[in-house]
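No lab work stands behind these numbers, since they all come straight from the coordinates. Note that the coordinates shown come from a computational prediction; the quantities given were computed from them, not determined experimentally. Cβ coordinates were reconstructed from backbone atoms using ideal geometry, including for glycine residues, and neighbour counts include every protein chain displayed.
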Amino acid sequence: MKSLKRIGILTGGGDCPGLNAVIRSVAKPAMTYFGATVLGVEDGFEGLVEGRIRELTKRDVSGIVNLGGTILGTSNKGDPFHFPVETEKGIEVQDCSERAMQHFRDWNLDAMVAIGGDGTMHIVDKFTDLGFPFIGVPKTIDNDLSSTDVTFGYDSALSVATEAIDRLHTTASAHHRVMVIEVMGRYAGWIALGSGLAGGADVILIPEIPFHWEKVFEYVMERSSHGGRFSIVCVAEGAKPADGELVVQEKDSKRTDPIRLGGIGDLVSRKITEATGLETRVTVLGHLQRGGSPTPYDRILATKFGSMALQLASEGKFGHMVSLRGTEVVPVPVKQAILKLRTVPADSQLVLAARAVGTCFGD
Ligand code: F6P
């Protein structure tokens with residue numbers, strides 16, 4: 001058993017429901033069973049570089065299992081190895097990892113639990129190589145981390161997106177329209193596929209299956225004359241036509257991932273109207289998918305992840321990420337977890353099941 005007297009926690013990257021449930025399940029047992037001081041780094045790795053930390057009390061971490069967001073704050077612009085610094089010449093990206101490491105030493109931490117997605121796990125890996133005692137906990141609504149069956153946050157996003165599709169169904173049917181809904185997910189189609197399948201979308205467009213415009217047009221035309229006289233098109237923000245490019249909302253070099261996706265829903269809606277004359281409307285679900293309370297599934301998974309993260313820290317198993325395999329939470333080396341993004345296999349059972357019930361993927 002490793003001595004755990006001072007434990008740090010940080011949440012990095014975009015927030016998602018369940019972060020507070022992890023903080024609670026690391027902090028409560030750490031205080032109760034290890035008598036440890038638990039310190040929360042503010043605003044993710046940005047706070048680590050800038051030296052912003054505060055001690056968490058039992059009261060801070062009580063009553064937060066159902067709370068969305070993160071009590072610590074987060075940022076997707078604070079990669080210590082590529083840190084945006086204001087200089088006379090404007091914003092310059094610099095390696096500020098030494099500043100972060102000095103804070104780590106000054107705070108005398110025995111372990112740091114970093115809760116985050118792909119970007120966070122890459123940073124955890126670099127600090128691990130430099131000898132710092134990090135444990136990773138995988139979160140993201142995108143569900144795109146390999147080495148875990150699922151990330152917490154995904155189920156909550158899925159339930160918001162599914163409810164949105166259910167709501168669009170009634171109005172689509174009443175007006176005989178094509179309703180396009182754009183959901184998040186970055187370069188993975190898990191949210192679009194899961195919510196599209198659960199909500200009975202007629203067309204699902206995901207990054208892993210480049211689509212052909214004509215196939216989509218034909219499908220919604222056919223439905224408008226012979227089918228339900230309306231269509232629901234669920235499009236992932238990272239979906240792209242076989243002959244086209246990703247639709248990018250903005251590029252920001254300060255972000256860990258400089259590309260912010262968005263806009264494909266609008267494009268799909270416009271193209272369908274132009275090609276078919278059908279009336280279309282677009283809904284961009286945006287950050288509604290990340291906000292609000294975690295589902296019971298995410299609260300439970302986050303709690304299991306947090307308590308396992310503390311156990312790994314107590315065993316000195318640093319450089320590991322907790323991960324769900326089947327029903328068990330197990331450790332995997334972070335190095336393994338970051339090898340590739342977990343995208344939807346084009347022949348996955350989910351895709352095949354959707355195809356079997358007549359869903360069009362535009363291919
Ligand atoms: O990674 C989570 C996520 O919500 C993605 O699905 C989305 O592309 C991105 O973050 C949005 O980032 P931001 O909150 O910076 O707009």
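Which of 139/317; 58/139; 89/139; 5/251; 251/340; 89/335 have a Cα-Cα distance over 31 Å?
Working: 139/317 19 Å; 58/139 23 Å; 89/139 36 Å; 5/251 42 Å; 251/340 22 Å; 89/335 36 Å.
Those over the limit are 89/139; 5/251; 89/335.
Normalised radius of gyration for segment 164-310, please: alpha carbon Rg relative to 2.2 N^0.38 Å, two decimal places.
Working: Rg = 16.9 Å, N = 147, 2.2 N^0.38 = 14.7 Å.
Taking the Cα Rg and dividing by 2.2 N^0.38 Å, one obtains 1.15.
Extent of segment 226-297 along each principal axis, from alpha carbon coordinates, in Å, largest to smallest?
Here the Cα extents, ordered largest to smallest, are 46, 37, 18 Å.
Can you grab the distance from the C-alpha centre of segment 158-179 to the C-alpha centre of segment 292-324, Å, no decimals?
When both Cα centres are located, 35 Å separates them.
Each label point is 7 Å from the Cα along the Cα-to-Cβ direction; what then is the distance between the points at residue 341 and residue 54, in nm?
With each label placed 7 Å out from Cα toward Cβ, I get 3.5 nm.
Would you mind telling me which residue in 257, 142, 298 has the biggest mean-square fluctuation in a Gaussian network model of the chain, where springs connect alpha carbons within a distance under 10 angstrom?
257
Before anything else, pin down the relative contact order of the chain: Cα pairs under 8 Å, at least 6 apart, normalised by residue count, whole percent.
Values: 856 pairs, mean separation 82.3, N = 363.
Across the chain, relative contact order equals 23 percent.
Can you give the translational diffusion coefficient of segment 241-358 in µm²/s, computed by Stokes-Einstein from the Kirkwood radius over Cα pairs at 4 °C and 1.567 mPa s? Each step should come with its number before you reach the end.
On the way: Rh = 19.0 Å.
The estimated diffusion coefficient comes to 68 µm²/s.
Let me have the 222 nm mean residue ellipticity of the chain computed from DSSP H runs of 4+ only, each contributing -39500 (n - 2.57), with the sum over all residues rounded to the nearest 500. Kindly include the intermediate steps, with their values, before the conclusion.
Working: 11 runs with 136 residues, N = 363.
Mean residue ellipticity at 222 nm (helix-derived): -11500 deg cm²/dmol.
7 Å from Cα along Cα→Cβ at both residue 129 and residue 173: what's the point-to-point distance in nm?
In this crude label model, residue 129 to residue 173 measures out at 5.5 nm.
Could you work out which residue, out of 131, 194, 265, moves most in a Gaussian network model of the chain, that is, has the largest mean-square fluctuation with Cα springs under 10 Å?
Judging by the Gaussian network model, the answer is 131.
How big is segment 6-75 on each of its three principal axes, counting only the C-alpha atoms and giving the largest first in Å?
Over segment 6-75, Cα extents along the principal axes are 30, 26, 14 Å.
So for segment 1-88: antiparallel DSSP bridges make up what percent, rounded to the nearest 5?
On the way: 4 of 8 bridges.
About 50 percent, rounded to the nearest 5.
Within segment 60-165, what percent of beta bridges assigned by DSSP are antiparallel, to the nearest 5?
45
Please compute the contact order of segment 1-90 in relative form: average sequence separation of alpha-carbon pairs under 8 Å and at least six residues apart, divided by the residue count, as a percent. Don't skip to the end; give the middle numbers.
On the way: 152 pairs, mean separation 33.6, N = 90.
The value is 37 percent.
Taking θ = phi - 60°, what integer Hz values does the Karplus form 6.51 cos²θ - 1.76 cosθ + 1.60 yield along segment 28-39, in sequence order, with x for Gly and Pro?
After applying 6.51 cos²θ - 1.76 cosθ + 1.60, I find 4, x, 4, 6, 6, 9, 9, x, 7, 8, 10, 10 Hz.
Please give the per residue volume of the convex hull enclosing the alpha carbon atoms of the chain, rounded to a whole number of Å³. The partial results should precede the final answer.
Values: hull volume 48.7 nm³, N = 363.
Convex hull of Cα atoms, per residue: 134 Å³.
Normalised by the residues of segment 105-238, what does the relative contact order come to in percent, with Cα pairs under 8 Å and at least six apart? Intermediate values should be presented prior to the final figure.
Working: 224 pairs, mean separation 30.7, N = 134.
Rounded, it is 23 percent for segment 105-238.
Out of all DSSP beta bridges in the chain, what portion is antiparallel? Express it as a percent rounded to 5. Present the calculation step by step, with values, prior to reporting the outcome.
Working: 19 of 52 bridges.
Within the chain, antiparallel bridges account for around 35 percent of the total.
Given axes a ≥ b ≥ c from the Cα gyration tensor, I'd like to know whether segment 134-222 is rounded (a/c under 1.5), prolate (a/b larger than b/c) or oblate.
Numbers: a/c = 3.73, a/b = 1.78, b/c = 2.09.
The shape class here is oblate.
Neighbour counts of other C-beta atoms within 10 Å: give me 273, 327 arranged from fewest to most. Mind dumping the intermediate values first?
Working: 273 14, 327 7.
With the sparsest Cβ surroundings first, the list reads 327, 273.
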